[in-house]
Amino acid sequence: MITTNFQQIRDQIAQCALDCGRDPQTVQLLAVSKRKPIELIKQARLCGQTLFGENYIQEAAEKIPSLPSDINWHFIGHLQSNKAKLAASLFDCIQTVDSLKLATLLAKHATAQNRSISILIQVNIGREEQKAGVAPEEVEGLLTQIRESTSIRVSGLMTIPPLAADPEATRPLFRATRELAESLAAKQLFSDNDNIQLSMGMSGDFPVAIQEGATIIRIGTALFGARE
Ligand SMILES: *Cc1c(COP(=O)(O)O)cnc(C)c1O
């Protein structure tokens, strides 16, 4: 059953990339497995999926050790400082860094654990008061303060735009996120400025996100079904 979902979504991603002149290989599918059981994640792994996203540290700590070790885990939820140590031990990428304090803590814990992790800066592109993330004009200041180290790579930006019934309404925000990332890369503020990661687009709007330059799309519902 989820085999079909994976096949369909992968086909859609590839077609959408080709239609807008992109190499399908430049779009990574992140399977969002929050609140989904280990058995289902194992099935997804058997479908060839190796990139997964989780939102809750406690839940991830319970699931990750029982899952294949070749899975690449991204954290996409809100991260509290007191969970930074555990997050640094479980995840290969933290997509939701929005403060210098958090970046510094992650670097410290990754170093202590002899791990190398990547981070994305979460941008509050819709300037929503209740939402986490850095205001667009503050990303540059934050990037200039984060100290690069072997334990932490700053790979790009992530965004969760305001919910919209029509994905076209989100297009300008995806575009603004990509333009922001490009201007920061031009100032050499990422770890690999020729290869910046843009995590944007979910089940309801990923084709538009791909058209606007997403390199990681985060899909839950369309792969695993609705969450409880
Ligand atoms: C849950 C979640 C997703 C997946 O959303 P779907 O609509 O189920 O595809 C993507 N990104 C973030 C940050 C999430 O929390």
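The values are calculated or read from the model by the stated rules, or taken from the named source; none is laboratory data. All values derive from a computational prediction rather than experimental measurement. No Cβ is skipped: glycine too gets one built from the backbone with ideal geometry, and neighbour counts run over all protein chains shown. For the accessible areas, the whole protein counts, side chains as well, though only heavy atoms, and no ligand, DNA or RNA atoms are used. Shrake-Rupley method; radii C 1.70, N 1.55, O 1.52, S 1.80 Å.
Of the residues that sit in segment 170-201 and are without any contact (Cβ under 8 Å) to a residue 40 or more places away in the chain and within 16 Å of the ligand (Cβ to nearest atom), which one is farthest from residue 10 (Cα to Cα)? Among them, the one singled out is 170.
Screening segment 95-114 for residues that are crowded, with 16+ Cβ neighbours inside 10 Å and charged (D, E, K, R) and picking the one that is farthest from the chain's Cα centre (by Cα) gives 108.
Within segment 176-212, which residues are open to solvent by less than 20 Å² (accessible area, probe 1.4 Å), assigned to a loop (DSSP other than H, G, I, E, B) and in contact with a strand residue (DSSP E or B) (Cβ under 7 Å, 6 or more places away or on another chain)? Steps first, answer last, please.
Quick first cut of segment 176-212, residues open to solvent by less than 20 Å² (accessible area, probe 1.4 Å) only: 177, 181, 184-185, 190, 198-201, 206, 208-210, 212.
If we keep only those that are assigned to a loop (DSSP other than H, G, I, E, B) as well, we get 190, 200-201, 212.
190, 200, 201 - these are the residues of segment 176-212 that are open to solvent by less than 20 Å² (accessible area, probe 1.4 Å), assigned to a loop (DSSP other than H, G, I, E, B) and in contact with a strand residue (DSSP E or B) (Cβ under 7 Å, 6 or more places away or on another chain).
Scanning segment 59-94 for residues being of a type in the set (A, V, I, L, M, F, W, C), farther than 18 Å from residue 45 by Cβ and away from the ligand (no atom under 16 Å from the Cβ) gives a total of 4. In segment 153-169, which residue that is within 16 Å of the ligand (Cβ to nearest atom) and closer than 24 Å to residue 106 by Cα is nearest to the chain's Cα centre (by Cα)? Checking each candidate, the answer is 158.
Checking the conditions here, which among 126, 156, 141 is of a type outside the set (A, V, I, L, M) and assigned to a helix (DSSP H, G or I)?
Details: 126 fails: assigned to a helix (DSSP H, G or I); 156 fails: assigned to a helix (DSSP H, G or I).
When all the criteria are applied, what remains is 141.
Would you mind stating whether residue 38 is on the phi < 0 side of the Ramachandran plot, away from the ligand (no atom under 16 Å from the Cβ) and touching a Lys or Arg at 6+ places or on another chain (Cβ under 8 Å)? Considered against the rule, which asks whether it is on the phi < 0 side of the Ramachandran plot, away from the ligand (no atom under 16 Å from the Cβ) and touching a Lys or Arg at 6+ places or on another chain (Cβ under 8 Å), residue 38 comes out as yes. It is to be established whether one or more residues within segment 216-226 are assigned to a loop (DSSP other than H, G, I, E, B), within 18 Å of the chain's Cα centre (by Cα), crowded, with 17+ Cβ neighbours inside 10 Å and not hydrophobic (A, V, I, L, M, F, W, C). Yes, that holds for at least one residue.
Checked across segment 153-163, the condition of being hydrophobic (A, V, I, L, M, F, W, C) and surrounded by fewer than 20 Cβ atoms within 10 Å (Cβ to Cβ) holds for at least one residue. Selection of segment 211-222 for residues being within 10 Å of the ligand (Cβ to nearest atom) and either closer than 17 Å to residue 15 by Cβ or polar (S, T, N, Q) (or both) yields 217, 219, 221, 222.
For segment 62-99, a residue qualifies if it is within 16 Å of residue 50 (Cβ to Cβ) and free of Cβ contacts under 8 Å to residues at least 12 places away in the same chain, and exactly one does: 69. Residues being within 12 Å of the ligand (Cβ to nearest atom) and of a type outside the set (Asp, Glu) are entirely absent from segment 140-152.
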